[in-house]
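Worksheet: one structure, shown below.
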Amino acid sequence: MIVCKFGGTSVQDAAAIRRLIGIVRSRTPERPVVVVSALARVTDALFQLARTAESGGSSHRAELDALVTRHAATAAELEGGEAALPAIRTEAELLRSEVDAAAGRRFNPRELDAVTARGELWSSRLIAAALEGAGIRTQWVDMRSMMVTDERYGRATPYTQVLNLRARETLIPLVDSGVVPVTQGFIGATATGITTTFGRGGSDFTASLVGAALHVGRVEIWTDVDGLMTADPRIVASARTLSVASYEEAAELATFGAKVLHPATAVPLVREGIPVVVLNAQRPEQPGTTIESSAELERLGDSPIRSISWKKGITVVNLRAPRMLGAYGFLRQLFEVFERHEVVVDVLASSEVSVSLTIEDRRHLDLVRRELEDLGDVWIDEGRAIVAVVGIGLKSTPGLAARVFGAVKPTCVEVISQGASAINMTFIVKEEDGPDVVRRLHREFFGTC
């Protein structure tokens, strides 16, 4: 048994869905379970629909009609696709009623999850109908019946023991009878049945949770690139594909900007020893990248560097507090502020009297700043980017830092952090400098840019 997860660009239109059908057909001897994202850009459109409704008026209705029309047009191009339309239109009418009732005020996180979850429900209906129309025995399955979560809307945490039991009870009998289950990523439900979401990119996490629950042979992540690469190919045209990667390496790359995988994807699979294979749905003949704990990592040049990633939209929070010198418990107080406001910290660097750390989510920044001012002087640097250099044994390679920062020069580096895992080195630059820094590093360590 395997899990095949298809991201938004892999289901963006009828042509992409036909490629999906071919991939699933080729996998039927391995008894696949299919997990899908919303059609490309639909989740963004649903977020925008909610924002439009908040401002009042009725223009959100036209935005909803456009989304239904897009799904209907895609269905019309697929054999059997129109069988999904009654369910899609019923869901859309429910959504219309919910949004109309909340229009003119700010949506709370629970209401926003109810809106944004519709994309996966629609796409999975459409893909299940298209697979059935192509002669593949298929069953649509509502993930919310299996994926029970807590009530942290927008960033829900699943109850894996419940999922493990329900996924086996629901999916294994279908697979054993020769049926391909089609279900959704990104979404779940509370114990009382209220829809939740995992946050952006959560479909990968869903696929790995289901894979671990079913003890599958592998989890395939179908996307729009050939696998994990030495750099973002949109910035470095000559970037190369990594044939293998470790779980840890993949997690570091995902955390610091490589958008191929959700950072939590590997977590459920590590204990089970289940590999993840990242594949290109537009070029399914390519071998992709296999991610597993026992991966034999190859050097790609005369250095241990394996990949360079970057993430923009970063804010640096700086705190200077002379009273932290020699004081115990200070960092605990600092991080309790971020914990109270549920703000995730990516990179940390500290000295005897100052701390710099980075965040991506700015929603609670003003509240965080006010509390931090009780601890010391605070200043904020916006418009920054994280650059991460990931490789094998970086700490034990003499002269590596000199090569890294020699390549980065003349760009100003503002914060430097070396991971405890010894496989990454991260630093902060201005956002506009990020792409050039990545290209210069790639030229230094891989000879091309």
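The values are calculated or read from the model by the stated rules, or taken from the named source; none is laboratory data. As the structure is a prediction and not an experimental result, all values here were calculated from the model. Neighbour counts run over all protein chains shown; Cβ positions are idealised from the backbone, glycine included. The protein model used for the area step is the full one, side chains on, heavy atoms only, and it has no ligands, DNA or RNA in it. Shrake-Rupley method; radii C 1.70, N 1.55, O 1.52, S 1.80 Å.
A few remarks follow.
- Other residues whose C-beta falls under 11 angstrom from the C-beta of Val345 contribute a net charge of -4, scoring Lys and Arg +1 and Asp and Glu -1.
- Of the residues Val34, Ser396, Trp122, the one whose Cα sits farthest toward the positive end of the charge dipole of the chain, with +1 on the Cβ of Lys and Arg and -1 on the Cβ of Asp and Glu, is Ser396.
- Applying 1/(1 + (r/R0)^6) with r as the Cβ-Cβ distance of Ala401 and Glu432 and R0 = 35 angstrom yields a FRET efficiency of 0.90.
- Whole-angstrom gap from the stretch 1-75 to the stretch 222-269, using each part's C-alpha centre: 23 Å
- Dimensionless Rg over Rh [the stretch 192-272; C-alpha; Kirkwood]: 1.01
- Counting only Cα atoms, the size of the stretch 315-383 along its three principal axes is 32, 23, 18 Å, in decreasing order.
- Estimated 222 nm signal from helices in the chain, with DSSP H stretches of n ≥ 4 weighted -39500 (n - 2.57), rounded to 500: -12000 deg cm²/dmol
- For the chain, with +1 on Lys and Arg beta carbons and -1 on Asp and Glu, the positive-most of Ala101, Val141, Tyr159 along the dipole: Val141
- Note on the stretch 197-245: with charges restricted to the Cβ of Lys and Arg (+1) and Asp and Glu (-1), its dipole about the Cα centre is near 80 debye.
- Separation in nanometres of the label points that stand 7 Å from Cα toward Cβ, at Val270 and Arg340: 3.1 nm
- 0 to 90° range, to nearest 10: angle between helix 330-340 axis and the chain longest Cα axis: 20 degrees
- Here the scattering of the chain is modelled by Debye summation over its C-alpha atoms, one equal scatterer each and no solvent; at q = 0.06, 0.13 Å⁻¹ the log10 of I(q)/I(0) is -0.28, -1.25.
- The charge dipole of the chain, taken about its Cα centre with unit charges on the Cβ atoms of Lys, Arg (+1), Asp and Glu (-1) only, comes to about 340 debye.
- Placing unit charges on the Cβ atoms of the charged side chains and taking the dipole of the stretch 300-449 about its Cα centre, the candidate lying farthest along the positive direction among Leu348, Cys412, Leu375 is Cys412.
- Solvent-accessible heavy-atom area per residue, rounded to whole Å², over the chain at 1.4 Å: 42 Å²
- Put a dot 7 Å past the Cα of Ala66, heading toward its Cβ, do the same for Thr448, and the two dots end up 3.9 nm apart.
- Treating r as the C-beta distance of Arg152 and Ser238 and R0 as 41 Å, the FRET efficiency rounds to 0.45.
- Under the criterion of Cα pairs below 8 Å and six or more residues apart, the relative contact order for the stretch 126-210 equals 34 percent.
- Taken about its Cα centre, the stretch 334-449 carries a charge dipole of about 780 debye when Lys and Arg each add +1 at the Cβ and Asp and Glu each add -1 at the Cβ.
- Comparing His215, His71, His341 in a Gaussian network model of the chain, where Cα atoms under 10 Å apart are tied by springs, the biggest mean-square fluctuation is seen for His341.
- Given R0 = 60 Å, the distance between the Cβ atoms of Glu79 and Glu373 translates into a calculated FRET efficiency of 0.45.
- Extension gain (nm, one decimal) between Gln333 and Gln48, 0.36 nm per residue minus Cα-Cα: 98.9 nm
- Pairs of Lys residues in the chain are counted when their Cα atoms are under 16 angstrom apart and they lie 8 or more places apart or on different chains; the count is 6.
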